[in-house]
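Structure, as structure tokens:
The values are calculated or read from the model by the stated rules, or taken from the named source; none is laboratory data. Note that the structure is predicted; figures quoted are calculated from it, not measured. Counting neighbours? That spans all protein chains shown, and the Cβs are built from the backbone with ideal geometry, glycine included.
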């Protein structure tokens with residue numbers, strides 16, 4: 001009662017200050033919340049799209065990103081743009097020998113796989129770097145830019161970057177693979193085309209097909225086991241044949 005009584009007779013000015021402080025705290029929390037939400041929104045994929053581009057270019061880009069570029073084509077494009085001698089960091093990043101010697105065989109394999117993913121990425125960067133150098137020199141010498149050659153160069157860069165992205169997606173599948181039951185690990189094969197989804201748009205169809213294969217395999221296994229059991233039983237029933 002004393003405590004209640006004390007609050008009832010609190011100085012009006014102190015009550016006003018307390019209310020003001022509380023409102024200020026709420027506004028501060030609200031501002032912090034709004035700031036955090038804005039930060040989260042900046043991390044979300046941007047749904048804003050540019051206008052449609054030339055269909056031939058769009059088709060080529062889509063094919064590259066879904067894995068239609070052959071290894072021979074990637075190698076050929078990469079070899080066209082050797083790394084500039086004075087860009088010493090434009091290269092595959094190696095693990096320090098002291099650390100490499102400490103790594104398990106598994107982690108060495110994982111790192112080597114990621115290095116292979118980096119190869120077309122490095123060549124794509126090399127291609128753009130060489131193009132930037134050429135354009136810079138053309139501007140300095142007031143030389144007319146060869147649009148056809150420049151477009152060809154840019155498309156080679158897109159091909160290398162696109163293939164690097166595809167390889168990275170295949171690596172993501174490989175990392176997920178241990179969490180899948182054996183019949184469904186086939187989803188990680190390159191033949192299953194990725195789309196905007198890592199395992200493609202026909203996942204339900206693929207799962208159903210794999211389930212049917214699994215059931216057929218189990219049925220065949222049962223038949224095989226019964227045949228083996230019957231053969232053994234017949235052998236026991238004719239010990240002197």
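Remarks
- When the range 77-90 is filtered for residues that are free of Cβ contacts under 8 Å to residues at least 60 places away in the same chain and surrounded by 12 or more Cβ atoms within 10 Å (Cβ to Cβ), the ones remaining, listed by number, are 83, 84, 87, 90.
Let's see how each residue does on (1) at pLDDT 90 or above; (2) in contact with a strand residue (DSSP E or B) (Cβ under 9 Å, 6 or more places away or on another chain); (3) surrounded by 14 or more Cβ atoms within 10 Å (Cβ to Cβ); (4) part of a helix (DSSP H, G or I):
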{"site": "162", "(1), (2), (3), (4)": "yes, no, yes, yes"}
{"site": "171", "(1), (2), (3), (4)": "yes, no, yes, yes"}
{"site": "198", "(1), (2), (3), (4)": "yes, no, yes, no"}
{"site": "204", "(1), (2), (3), (4)": "no, no, no, yes"}
{"site": "214", "(1), (2), (3), (4)": "no, no, yes, yes"}
{"site": "230", "(1), (2), (3), (4)": "no, no, no, yes"}
{"site": "239", "(1), (2), (3), (4)": "no, no, no, no"}
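- The range 142-154: number of residues that are surrounded by fewer than 17 Cβ atoms within 10 Å (Cβ to Cβ) and assigned to a helix (DSSP H, G or I): 7
- Top-ranked residue of the range 100-115 - restricted to ones that are surrounded by 12 or more Cβ atoms within 10 Å (Cβ to Cβ) and in a helix (DSSP H, G or I), ranked as nearest to the chain's Cα centre (by Cα): 114
- Residue ID - surrounded by the most Cβ atoms within 10 Å (Cβ to Cβ), chosen from residues in the range 180-196 that are in contact (Cβ under 8 Å) with a residue 24 or more places away in the chain and not in a helix (DSSP H, G or I): 194
- Annotation note: of 58, 132, the sole residue that is farther than 20 Å from residue 190 by Cβ, assigned to a helix (DSSP H, G or I), without any contact (Cβ under 8 Å) to a residue 40 or more places away in the chain and under 22 Å from the mean Cα position of the chain (by Cα) is 58.
- Residue check for residue 126: more than 26 Å from residue 152 (Cβ to Cβ) and at pLDDT 90 or above: no
- Any chance residue 177 is outside any helix (DSSP H, G or I), modelled with pLDDT under 95 and either in contact with a helix residue (DSSP H, G or I) (Cβ under 9 Å, 6 or more places away or on another chain) or surrounded by 15 or more Cβ atoms within 10 Å (Cβ to Cβ) (or both): no
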